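See below for the structure under consideration.
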Amino acid sequence: MSETSPVLPLNRGGHVGHCKRFLAGLPAGAVEADASRVAIGFYCLGSLDLLGTLETKTRPEERAAWIRWMWEQQSVCGYGTGFKGSNYMTIDIRSPPSAQYAEYDTPNLIMTYTSILSLAILRDDLSRLDRKGLVQFVRSCQREDGSFSALPSGGETDLRCVYCAFAISSMLNDWTGIDLNRALAYIRRCEDYEGGYGQQPSDEALGGTTYCALASLYLAPSNASAQRLIDSAFRARTIRWLLHNQAVDGGFSGRTNKISDACYCFWCGASLAILGAGDLVDNAALVAFLARCQFSMGGLAKAPEKPADPYHTYMALAAAAVLPSPHVNETWTLSRLDVLWNTTEGTAAWLRKHLTEKA
Ligand SMILES: [Zn+2]
């Protein structure tokens with residue numbers, strides 16, 4: 001991009017339309033995402049929240065229907081209470097949320113995190129949340145080595161699930177569901193020689209898992225403060241590695257020698273913001289890259305000329321929110337982001353009032 005190329009304006013109306021299309025139902029080409037509809041709902045609602053258009057561009061009855069559907073995903077199982085990604089596995093969808101479901105149909109830790117955020121975005125008062133059951137569910141997802149899995153019955157464990165457990169515990173202001181010493185030791189074992197964090201110990205550093213590790217360390221209660229857990233030499237290496245991931249096209253790649261991707265603009269940019277180094281990013285080049293990821297029919301894609309999807313739409317907008325550059329093009333002014341919970345400051349304030357302070 002030449003230095004004089006103007007940054008394309010934010011296609012606010014187009015992005016609203018993209019999100020509303022996915023909120024109305026999954027297109028045929030996306031049926032494989034049926035098991036994680038809650039997450040797709042979060043990306044769409046989160047995008048509308050960042051755009052500041054949830055109240056004006058959706059009807060109260062639509063919001064009430066989404067709230068109703070979200071609560072239908074809260075389910076009790078032998079491991080406690082959490083949210084499922086959708087009711088596609090539930091044999092009788094008329095079963096009340098308190099029904100006992102089989103081992104294969106347990107709640108999911110990642111879907112639980114996105115459900116709580118979605119309900120807060122929709123300004124539900126969260127009084128129906130089974131707090132005690134939720135803490136029990138978080139506890140059941142921790143493994144012997146300190147990591148977390150998405151399902152209590154086991155399966156893959158990685159830093160994404162660790163982050164969800166930390167985010168939920170901080171929202172509830174209840175850390176009794178986590179063996180913190182073991183979890184923090186696991187995060188540190190994921191440190192990689194480049195300065196980032198791998199998905200699991202000994203894995204290559206990735207932008208996404210680096211965000212999950214750093215956000216978890218900063219969310220942890222103050223007696224386990226991040227300053228103590230990230231030594232200054234490693235912090236300097238992390239900042240250097242993250243900054244090197246910003247390519248000449250302005251976007252960030254997720255790992256060394258890969259091409260730019262809009263979602264990594266958030267994962268890497270937010271990681272730098274957490275470390276207090278967000279001002280070292282070339283924000284103008286970043287927003288210019290994101291602007292070129294806008295799809296002509298609305299929504300944002302992982303890269304220019306690619307089709308848009310709700311995940312990259314949300315992540316790209318979140319990146320622009322956490323590293324604002326209104327001096328470049330004022331149409332890119334978005335709601336401010338709470339970088340540790342990954343939601344707008346308005347929604348984070350709602351969560352604190354209705355959940356955290358009620359502990
Ligand atoms: Zn991506």
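Computed quantities for the displayed model
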quantity: ³J(HN,Hα) computed for each position of the stretch 252-265 - Karplus, 6.51 cos²θ - 1.76 cosθ + 1.60, integer Hz, glycine/proline x; calculated: 10, 9, x, 7, 4, 6, 10, 8, 5, 8, 4, 5, 6, 4
quantity: Hz values of 3J(HN,Hα) by residue in the stretch 45-50 - Karplus curve (6.51, -1.76, 1.60), Gly and Pro given as x; calculated: 5, x, 5, 4, 5, 5
quantity: Proximal lysines relative to residue 132, as straight alpha-carbon distance under 26 Å, when same-chain residues fewer than 8 apart are discounted; calculated: 84, 353, 358
quantity: Relative contact order for the chain, counting Cα pairs under 8 Å that sit 6 or more residues apart, in percent; calculated: 18 percent
quantity: Cα gyration tensor shape of the chain, rounded if a/c is under 1.5, else prolate or oblate by comparing a/b with b/c; calculated: oblate
quantity: List 333, 58, ordered by accessible area with a 1.4 Å probe, largest first; calculated: 333, 58
quantity: Length released on extending from residue 132 to residue 258, taking residue separation times 0.36 nm less the Cα-Cα span; calculated: 41.0 nm
quantity: Under DSSP loop assignment and at most 12 Cβ neighbours within 10 Å, longest GluC sites (Glu not before Pro)-free interval of the chain; calculated: 145-304
quantity: Sequence-distant residues sharing a close amide H with residue 344 (under 5 Å, placed H); calculated: 338
quantity: Distant-in-sequence amide H partners of residue 300 (H built 1.01 Å from N, under 5 Å); calculated: 295, 309, 313
quantity: Residue 148 long-range amide H proximity, modeled H, under 5 Å; calculated: 143, 158, 162
quantity: Nearby lysines by direct alpha-carbon distance to residue 57 (threshold 16 angstrom, same-chain neighbours under 8 apart not counted); calculated: 20
quantity: Solitary cysteines of the chain, where the nearest other Cys Cβ is not under 4.7 Å; calculated: 77, 141, 161, 164, 190, 212, 263, 265, 268, 293
quantity: Carbon and sulfur %, accessible surface of the chain computed with the full protein complex present, 1.4 Å; calculated: 53 percent
quantity: Eligible lysines near residue 258 by straight Cα distance, threshold 30 Å, same-chain separation 8 or greater; calculated: 302, 306
quantity: Full-stretch length increase - residue 189, residue 12 - with 0.36 nm per residue and alpha-carbon distance subtracted; calculated: 59.5 nm
quantity: Efficiency of FRET from Cβ geometry, residue 279 and residue 305, R₀ 35 Å, rounded to 0.05; calculated: 0.70
quantity: Label-point separation in nm, residue 145 to residue 173, each point 7 Å along Cα→Cβ; calculated: 3.5 nm
quantity: Pairwise FRET efficiency - residue 227 versus residue 203, Cβ, R0 = 30 Å, nearest 0.05; calculated: 0.75
quantity: Chain lengthening between residue 67 and residue 248 when straightened (0.36 nm per residue, less Cα-Cα); calculated: 60.9 nm
quantity: GNM top mover of 275, 159, 323 - the chain, alpha-carbon springs below 10 Å; calculated: 275
quantity: Separation of alpha-carbon centers, the stretch 160-188 and the stretch 319-359, rounded to whole Å; calculated: 22 Å
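The values are calculated or read from the model by the stated rules, or taken from the named source; none is laboratory data. Computed from a prediction, not measured in an experiment: that's the story for all the values here. Methodologically, a virtual Cβ is constructed for each residue, glycine included, from the backbone with ideal geometry; neighbour enumeration extends over all protein chains shown. Side chains included, ligands, DNA and RNA excluded: accessible areas come from the protein's heavy atoms. Shrake-Rupley method; radii C 1.70, N 1.55, O 1.52, S 1.80 Å.
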